[in-house]
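Okay, structure first, notes after.
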Amino acid sequence: MEFKAVIFYVFATVLIGAALRVITARNPVHAVLFLVLAFFNAAGIWMLLQAEFLAIALVMVYVGAVMVLFLFVVMMLDVNLERLRQGFWSYLPLGGMIGLLMAGEMALILGSTYFGAENFPGQDVAAGSSNTKELARLLFTKYAWPFEIASVILLVGIIGAVMLTLRKRGDSKAVNPLDQIKVKRNDRVRMVNMPFESDAPVSTESVVTAPKGE
Amino acid sequence: MMDAVLEMILPPAQALLGPLFPLVWALVKIVLIIAPLMLCVAYLTFWERKVIGWMQVRIGPNRVGPWGLLQPIADGIKLFLKEIIFPTVADKPLFVIAPILALAPALAAWAVVPFSEGWVLANIDAGVLYLLAITSVGVYGIIIAGWASNSKYAFLGSMRAAAQMVSYEVSMGLALITVLMVSGSLNLTAIVNGQAKGLFADSGVGFLSWNWLPLLPMFGVYLISGIAETNRAPFDVVEGESEIVAGHMVEYSGMAFALFFLGEYAAMILVSTMTSIFFLGGWLSPVGFLPNGFYWLAIKIASVLFLFLWIRATFPRFRYDQIMRLGWKVFVPITLVWILVVGVWMMSPLTIWK
């Protein structure tokens, strides 16, 4: 067996094991971490297929950013496992049907003689050319419009999410840091000019009268 | 000389090991990178204590060995012999995995770092992407540590870490985009070699043709984001002694704690190396009459590291909301504008990158 094949089977075994643990793990935090492991192994398999850009982007975007926030949320929630597991059997038929449908669709794409993956063009990339460069060239020439439209949709999604969740609390005492930075000395401290105290003999008037300079 | 020695060693080793040779040779190279790195990490802690001591008109560690030089070794032995205490309801497997996850990415990233022309473990095309991906994994160690400790202080620290590191990755990545634009490559060796060209480099003052000058705002953004990304002062609210004791590390002791420590300093050295390679010309000589070489990279890394320590000794800690404001409301707009500026500059007749 070739060394590459050994690596592939290692990645594939760990991937499937981790994916199974995602849905069987009792603790949601463990499930999320197993999902991270699954992403890592999927990235490894993509790397073996010489799709290095996709592999690294998967680690960077999903493992490095999306799953961090996921973990963040799951850790903060107090998930009640007993309630999550209620009604497992009543949901099973529907879930199973959706799963079978997805598996069937995948089989259709990968196995069919009419729509086989090997019929797709683009495998004639010259040896030694950079994967990332080729992808970028295609994205910004042939697929420039779909790419730009997709990014605009994402931007709208970001702004929409911020606008929907943004709320100003009335009782918040937070101060705008910009105002704090702009503060000058004179806004905080008032310099008072006071005459020196003299050693003059103490009389009742000098005690009563307030010092000058206010 | 190096090549002659290699030619003497390699063929017999190849014959002896047969198909296992690539594996053994890669392992040897990994050890050649990791072992000096670990030594640098140890002496960086010593140097930090010394430098901060001098800046505060103290002496710093000076008891163990000549001039205190054995202090990091003594610290290491002490931490190694200490017991690792597990909190009662801690998630034990994750509690053990967390410090490993904090250290491993800081070491794995060195695979693509070129130390000199051709001195690189894996000269891959997507080197910058690999670096961004691997360094973004480092946050898991901190988050898992905070959660697995089953402690509120640790958890608060890990929440701060997650938000801070994800935020500053954005400005770091955007700053690197300008570097990629002017270099036209994701390969680190090509990025360094791209800085050796230009009017200034041809007239013998190479240090003016490095990326720091035309990309000056990005250099600043990258450096400051790097400090924030490694959770160093003044952005060390993740540890924040006065607020949350020591953040994610509060429940750790002995070698488990030491791994977090090693990870932090290894990440510092990594960020300094990245700054040197992306903006300060890597192993290139600053002036024409001196040869290029690894020692230039070492000098640059040491200077940036000194800057880290200097900043730590100088500035008070940022408040948490100000850190977030700096990342999102200051750095991200600056980088976006500068990407546009560099793009227009490259397309204009005034371009200096051809």
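Does region B:113-136 hold any residues that are at the interface with chain A (Cβ under 7 Å from one of its Cβ atoms), in a helix (DSSP H, G or I) and small (Gly, Ala, Ser), and which are they? Result: B:Ala133, B:Ser136. When the test is whether a residue is within 14 Å of B:Ala148 (Cα to Cα), open to solvent by 40 Å² or more (accessible area, probe 1.4 Å) and touching a Leu at 6+ places or on another chain (Cβ under 7 Å), B:Ile100 passes it. The lone criterion from (1) open to solvent by 30 Å² or more (accessible area, probe 1.4 Å); (2) more than 14 Å from every other protein chain (Cβ to nearest Cβ); (3) in contact (Cβ under 8 Å) with a residue 24 or more places away in the chain; (4) closer than 30 Å to B:Ile100 by Cβ left unmet by B:Ala298 is number (3). Any residue at all in region B:33-48 that is open to solvent by 100 Å² or more (accessible area, probe 1.4 Å), closer than 18 Å to B:Phe306 by Cβ and in contact (Cβ under 8 Å) with a residue 24 or more places away in the chain? Yes, some residue in region B:33-48 is open to solvent by 100 Å² or more (accessible area, probe 1.4 Å), closer than 18 Å to B:Phe306 by Cβ and in contact (Cβ under 8 Å) with a residue 24 or more places away in the chain. For A:Leu37, state whether it is closer than 16 Å to A:Thr13 by Cβ and either in the same structural domain as A:Phe11 (by TED's automatic domain parsing) or of a type in the set (Gly, Ala, Ser) (or both). Yes: the conditions hold for A:Leu37.
The helices (runs of 4 or more DSSP H) falling completely within region A:1-96 that include 1 or more residues that are surrounded by 17 or more Cβ atoms within 10 Å (Cβ to Cβ), polar (S, T, N, Q) and modelled with pLDDT of 85 or more map to A:28-48.
Of the residues examined, B:Leu180 is one that is open to solvent by 10 Å² or more (accessible area, probe 1.4 Å) and within 12 Å of chain A (Cβ to nearest Cβ). Report whether or not B:Trp147 is open to solvent by 10 Å² or more (accessible area, probe 1.4 Å) and at the interface with chain A (Cβ under 8 Å from one of its Cβ atoms). Yes; evaluated as a whole, the condition is true for this residue. For region B:154-170, the condition of being within 12 Å of chain A (Cβ to nearest Cβ), basic (Lys, Arg) and open to solvent by 30 Å² or more (accessible area, probe 1.4 Å) holds for at least one residue. Kindly evaluate B:Phe289 against the criterion of being under 30 Å from B:Asp75 (Cα atoms) and of a type in the set (Phe, Trp, Tyr). No; evaluated as a whole, the condition is false for this residue. Of the residues A:Ile153, A:Ile181, the single one that is modelled with pLDDT of 90 or more and open to solvent by 80 Å² or more (accessible area, probe 1.4 Å) is A:Ile153. Just checking, does region B:316-323 include any residue being within 14 Å of chain A (Cβ to nearest Cβ), of a type in the set (D, E, K, R) and either in contact (Cβ under 8 Å) with a residue 24 or more places away in the chain or closer than 30 Å to B:Ile100 by Cα (or both)? Checked against the condition, which is being within 14 Å of chain A (Cβ to nearest Cβ), of a type in the set (D, E, K, R) and either in contact (Cβ under 8 Å) with a residue 24 or more places away in the chain or closer than 30 Å to B:Ile100 by Cα (or both), region B:316-323 yields at least one hit.
The listed residues are B:Ala175, B:Ala196, and the only one of them that is more than 8 Å from every other protein chain (Cβ to nearest Cβ), open to solvent by less than 10 Å² (accessible area, probe 1.4 Å) and of a type in the set (Gly, Ala, Ser) turns out to be B:Ala175.
The values are calculated or read from the model by the stated rules, or taken from the named source; none is laboratory data. Values in this document were obtained by computation on a predicted structure and should not be read as measured data. We place every Cβ from the backbone using ideal geometry, glycine too, and count neighbours over all the protein chains shown. What goes into the accessible areas is simple: the full protein's heavy atoms, side chains included, and nothing from ligands, DNA or RNA. Shrake-Rupley method; radii C 1.70, N 1.55, O 1.52, S 1.80 Å.
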